[in-house]
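Enquirer: Before I ask anything, here is the structure I am working with.
The values are calculated or read from the model by the stated rules, or taken from the named source; none is laboratory data. No experiment lies behind these values; they were computed from the predicted model shown. Cβ coordinates were reconstructed from backbone atoms using ideal geometry, including for glycine residues, and neighbour counts include every protein chain displayed.
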Amino acid sequence: MEKEELYRYVDHTALKAFTTWKDIEKLCEEAIKYHTASVCIPSCYISRVKETYGDKIKICTVVGFPLGYANTEGKLAETKKALEDGAEEIDMVINICDVKNGAYHKVEEEIRLLKEATGDKILKVIIETCYLTKEEKIAMCHAVTNAGADFIKTSTGFGTAGATMEDVLLMKEHIGAEVKIKAAGGIRTKEDMENYIQSSGRYCLAASITNAAMAETVCRQSKCELVLMDVCTENDESGLVAAEKIKRTIPQIKIIIVTSLVECSFIDRARKAGVESFWYKDAGKEELLEVMDRTMKGESVYPDAPPVVMIGTAKSCDFTPGELAVLRLVVEGESYKKIAESLCISPETVKWHIKNMLQKTNFDSKTKLAVAVTKKNLIINGF
């Protein structure tokens, strides 16, 4: 399958709680450029996207998202409003509480009512497979089929796991012929990534290792063309350091850094090492193949910034570069004087940066701030 054909199956998505209009604009521009199936966005942006982009893109939104236990009347109201605003596809989350209580008929009736509301528009039903038993997954296949929905979808991306090959095969066995299957959820493990890449039929896995220190040797022996390198590998070996070595000694090999960590320095360090592309694991599986294809064609694919995480009451993107530089040394346990010397600033400037960060985050001490950024992996000591 050519990448242009693959894009037609991708719902380009931005559903974080702190998604900004700038995020939505970027998403829409990419969707138009690559002709994706749709953009899946928070319902509060539907009318604005419709006004801005018209019929250039198809709009999808979510209902009862991400937990699913809103009452049916609320989901119906959400659906009708979304359609009025310009949505053409609805992704609903089932009431998992009803599933666990064995009330499969209630789930089926809710799906049926939402399908009546969507009419000729597409209704995708998210069943969140990571929470269901095999029996419950089969029951949901029957409920989705009987209710007349257009798609059954594995995951919200906010649960404990995304799609598995076993789930997809089980659905194929039990879903109705008229219902399509959509596997969703980010890549969580190395094995998941390898299986997905090989199943695409477009890439052959030359080697797989867990220690970045061995990467250069393996690259020489396997004569590979593309390396997907995690940042943190076995024995605390840095994938960024290994990537820099490979680019220095075997520059023709293309490298994509992959990580689930939001550490604020990783993107800049990868660029400085000469790495072609950078990809976050929590993005969709289809996006990985897109990044691989574009990288092999000579493009450099990087996110504009790391994913945003909340640090107290502040977003990680609210910190300035100067504040982050100070904060990194705070995490390392350095004194005001040592921080000032390291950054060639005055101790008063160090205190001023820390005061600003405490005000932004609503923490009452720099120790609590340091603990918070470490827990969220915004700053990783030693990497």
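Enquirer: Out of I111, I90, I122, I96, I need the residue that is in contact with a Lys or Arg (Cβ under 8 Å, 6 or more places away or on another chain) and assigned by TED's automatic domain parsing to the domain that holds G176. Which one?
Expert: From the options I111, I90, I122, I96, the qualifying one is I90.
Enquirer: While we're on this one: Within the bounds of segment 340-362, is there any residue that is among the charged types (D, E, K, R), in contact with a strand residue (DSSP E or B) (Cβ under 7 Å, 6 or more places away or on another chain) and touching a residue at least 12 places away in the same chain (Cβ under 8 Å)?
Expert: Yes: one or more hits.
Enquirer: In segment 79-100, what residues are closer than 21 Å to A37 by Cβ and not aliphatic (A, V, I, L, M)? Before the answer, list the steps.
Expert: Our first condition is that a residue be closer than 21 Å to A37 by Cβ; within segment 79-100, this holds for 79, 82-83, 85-93.
Residues satisfying the conditions are T79, D85, G86, E88, E89, D91.
Enquirer: Another question, if that's okay. How many residues does segment 332-346 contain that are surrounded by 12 or more Cβ atoms within 10 Å (Cβ to Cβ), of a type in the set (G, A, S) and under 14 Å from T367 (Cβ atoms)?
Expert: Total satisfying the criteria: 1.
Enquirer: Within segment 146-170, work out how many residues are in contact with a helix residue (DSSP H, G or I) (Cβ under 6 Å, 6 or more places away or on another chain), part of a helix (DSSP H, G or I) and closer than 19 Å to L123 by Cα.
Expert: Result for segment 146-170: 2.
Enquirer: In segment 9-51, how many residues are over 19 Å from K75 (Cα atoms) and in a helix (DSSP H, G or I)?
Expert: 18
Enquirer: Just give me the residues in segment 308-327 being in contact (Cβ under 8 Å) with a residue 60 or more places away in the chain and touching a Ser or Thr at 6+ places or on another chain (Cβ under 9 Å), in sequence order.
Expert: Listed by number, the residues that qualify are V308, V309, M310, I311, G312, L324.
Enquirer: Something else now. Which of the strands (runs of 3 or more DSSP E) found entirely inside segment 52-143 contain at least 3 residues meeting this: touching a Cys at 6+ places or on another chain (Cβ under 9 Å)?
Expert: Of the strands (runs of 3 or more DSSP E) lying wholly inside segment 52-143, those with at least 3 residues that are touching a Cys at 6+ places or on another chain (Cβ under 9 Å) span 59-63, 89-93.
Enquirer: Output the residues belonging to segment 37-60 that are over 19 Å from K22 (Cβ atoms) and crowded, with 16+ Cβ neighbours inside 10 Å.
Expert: If the condition is that a residue be over 19 Å from K22 (Cβ atoms) and crowded, with 16+ Cβ neighbours inside 10 Å, then A37, S38, K58, C60 are the ones that fit.
Enquirer: If I138 passes every condition in (1) under 20 Å from the mean Cα position of the chain (by Cα); (2) surrounded by fewer than 21 Cβ atoms within 10 Å (Cβ to Cβ) but one, which one does it miss?
Expert: Checking I138 against (1) under 20 Å from the mean Cα position of the chain (by Cα); (2) surrounded by fewer than 21 Cβ atoms within 10 Å (Cβ to Cβ), the one that fails is (1).
Enquirer: Take T295 and decide whether it is modelled with pLDDT of 90 or more, polar (S, T, N, Q) and closer than 19 Å to Y203 by Cα. Step through it out loud before you land on a result.
Expert: On the way: modelled with pLDDT of 90 or more: yes; polar (S, T, N, Q): yes; closer than 19 Å to Y203 by Cα: yes.
So T295 passes the test.
Enquirer: Further, regarding this structure: Got a sec? Which of I41, I59, I32, I96 is closer than 26 Å to L289 by Cα and in contact with a Gly (Cβ under 7 Å, 6 or more places away or on another chain)?
Expert: I59
Enquirer: What residue, among those in segment 61-74 that are out of contact with any helix residue (DSSP H, G or I) (no Cβ under 6 Å at 6 or more places or on another chain) and under 15 Å from K115 (Cα atoms), is surrounded by the fewest Cβ atoms within 10 Å (Cβ to Cβ)?
Expert: E73
Enquirer: Looking at segment 326-382 only, could you name the residues that are under 26 Å from A270 (Cα atoms) and touching a Phe, Trp or Tyr at 6+ places or on another chain (Cβ under 8 Å)?
Expert: Passing the criteria: L327, A372.
Enquirer: Also, I was wondering about something else. Report the residue count in segment 347-383 for those that are surrounded by 13 or more Cβ atoms within 10 Å (Cβ to Cβ) and assigned to a helix (DSSP H, G or I).
Expert: Matching residues across segment 347-383 total 20.
Enquirer: Looking at (1) surrounded by 14 or more Cβ atoms within 10 Å (Cβ to Cβ); (2) within 21 Å of K26 (Cα to Cα), which one does D304 not meet, given that it meets all the others?
Expert: All conditions are met except number (1).
Enquirer: Which residues, counting only those in segment 312-331, are basic (K, R) and surrounded by fewer than 19 Cβ atoms within 10 Å (Cβ to Cβ)? Before you say what the answer is, go through the steps one by one.
Expert: So the first thing to find is which residues in segment 312-331 are basic (K, R), and the list is 315, 328.
Once the filter is applied, which keeps residues that are basic (K, R) and surrounded by fewer than 19 Cβ atoms within 10 Å (Cβ to Cβ), segment 312-331 yields only K315.
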